[in-house]
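The values are calculated or read from the model by the stated rules, or taken from the named source; none is laboratory data. A quick note: this is a predicted structure, and the numbers were derived from the prediction, not measured. Because the Cβ atoms are built from the backbone with ideal geometry, glycine has one as well, and the counts that use them run over all protein chains shown. Heads up: the accessible areas ignore ligands, DNA and RNA and are worked out on the full protein's heavy atoms, side chains in. Shrake-Rupley method; radii C 1.70, N 1.55, O 1.52, S 1.80 Å.
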Amino acid sequence: MFRVLIAIVSAVFVSGFFPAVAGTTDFDDTGWSLLHEEDFDTDFVGVDGETFGAGDWLILQLVNGGVITVANGYAQLSAPDFWNAALIRSTSSLPEEYKIRTKIGYINYDLSNYEQADFDHPDFNSHSGHYENGMYFLTVTNDTCIESECAELWWHYHRKMVIDIDNHINYGGGETVHPVYMVYMAPETNAGGNLLRTWDGSSWDTSLWNWNVAYTYAYNTWYYAELEKKDSTITLRLYDEAKNIIEETTPVDIDLVFAMDEPLEFLYVGEPHTDDYEGDVRIDEITLLVPSEGCCTGPSVGNVDGSADNLITMGDLTTMVSHMFITLEPLNCVEEGNIDLSADGLVTMGDLTRLIDHLFIDLLPLPPCP
């Protein structure tokens, strides 16, 4: 049987179904199903208020001349002056449980971006000389801002959790360069907004004033940022370009997080402030996943390519082999791929063996959807 399995899988490779792809790690999306993924493969110049993506699930928010241009497989977000904001947000409120992942890189938000005219401008937020410049890998808010209200203080009172960067002059002297912050906002507030709870690399700092750097980013490279909300907790993660975890927080009970008792939750990505921050950044992917329970809807498991007729064909074998050995892309429905109905729900060689048996060996029917 093993020789037959190897022969069939080898035939799939040799037949040219898949190009050769270098080995890489992959995200652990077990128990999750893909709801939306925007990979920016269609070129366009953004217009404020324009919706895009499958089902128009994303919308552009360009304030005071912010620019978003999609070309070469990514979105270039540009805020050439401090009063600009260039944002992508979810059109509608997020599901009750979700996993958001963004791929962002080529970050250019150094303090050297500011000119003397910025410092002299009456609307520029100088932070009393402790200048700041940054952007959001992702944040979730309890509302959507409108035009120039999208300034720093609005975000401090409306964001729930965030992975961001903030280059700045320190209050104690010196400069913090290329920091990545992983933050959730506590319900308590002061004059500066909701209190920060930052990840220090091993635990959450819950002191009244904390500014812990989780990681230091590099120029001209890509990162993945991820926010998972499930089972009444949130978890934040940062990955490198090869999908290896750089930082992963411990889960936080949502009762400890600002506005989690409110139903509205909007995803925002990009440069948010209209009173400081200027620069540019590239966004390559925005992905939204939801829990995969109940995504298998056909008469049996095995429809891993998601065909409308629910027939089990070579297309499903192709998708399985690609998922396990070639592209390593996640399955749209893990339940369909758990063909041997293993209790852990993982898609393994046992599932591939069972699919090959069904198609070529014993021809026995596959189990019904759980």
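Brief remarks follow.
- Only a single criterion out of (1) without any contact (Cβ under 8 Å) to a residue 24 or more places away in the chain; (2) buried (at least 18 other Cβ atoms within 10 Å of the Cβ); (3) among the acidic types (Asp, Glu) is not satisfied by residue 200, namely (2).
- Complete set of residues in the stretch 45-67 that are within 21 Å of the chain's Cα centre (by Cα), buried (at least 16 other Cβ atoms within 10 Å of the Cβ) and of a type in the set (Gly, Ala, Ser): 46, 53
- Residues of the stretch 356-370 that turn out to be surrounded by 17 or more Cβ atoms within 10 Å (Cβ to Cβ) and either touching a Lys or Arg at 6+ places or on another chain (Cβ under 7 Å) or in a loop (DSSP other than H, G, I, E, B) (or both), as a count: 2
- Among the candidates 226, 188, residue that is of a type in the set (Asp, Glu) and either touching a residue at least 40 places away in the same chain (Cβ under 8 Å) or out of contact with any Leu (no Cβ under 7 Å at 6 or more places or on another chain) (or both): 226
- All positions within the stretch 35-62 that are acidic (Asp, Glu) and farther than 15 Å from residue 268 by Cβ: 37, 39, 41, 43, 50, 56
- Test: residue in the stretch 29-36 that is at positive phi and either in contact (Cβ under 8 Å) with a residue 40 or more places away in the chain or open to solvent by less than 10 Å² (accessible area, probe 1.4 Å) (or both): yes
- Criterion violated by residue 155 - all others in (1) open to solvent by 30 Å² or more (accessible area, probe 1.4 Å); (2) among the aromatic types (Phe, Trp, Tyr); (3) not in a loop (DSSP other than H, G, I, E, B) satisfied: (1)
- Taking the stretch 311-328 as the range and being in a loop (DSSP other than H, G, I, E, B) and either buried (at least 20 other Cβ atoms within 10 Å of the Cβ) or in contact (Cβ under 8 Å) with a residue 60 or more places away in the chain (or both) as the test, the residues that pass are 312, 326, 327, 328.
- Candidate set from the stretch 206-229 (those that are part of a strand (DSSP E or B) and open to solvent by less than 40 Å² (accessible area, probe 1.4 Å)); member that is farthest from residue 99 (Cα to Cα): 222
- Residue in the stretch 173-180 that is among the aliphatic types (A, V, I, L, M), more than 15 Å from residue 136 (Cα to Cα) and modelled with pLDDT of 95 or more present: yes
- The sole residue among 164, 120, 143 that is surrounded by fewer than 17 Cβ atoms within 10 Å (Cβ to Cβ), of a type outside the set (A, V, I, L, M, F, W, C), modelled with pLDDT of 95 or more and closer than 25 Å to residue 49 by Cα is 143.
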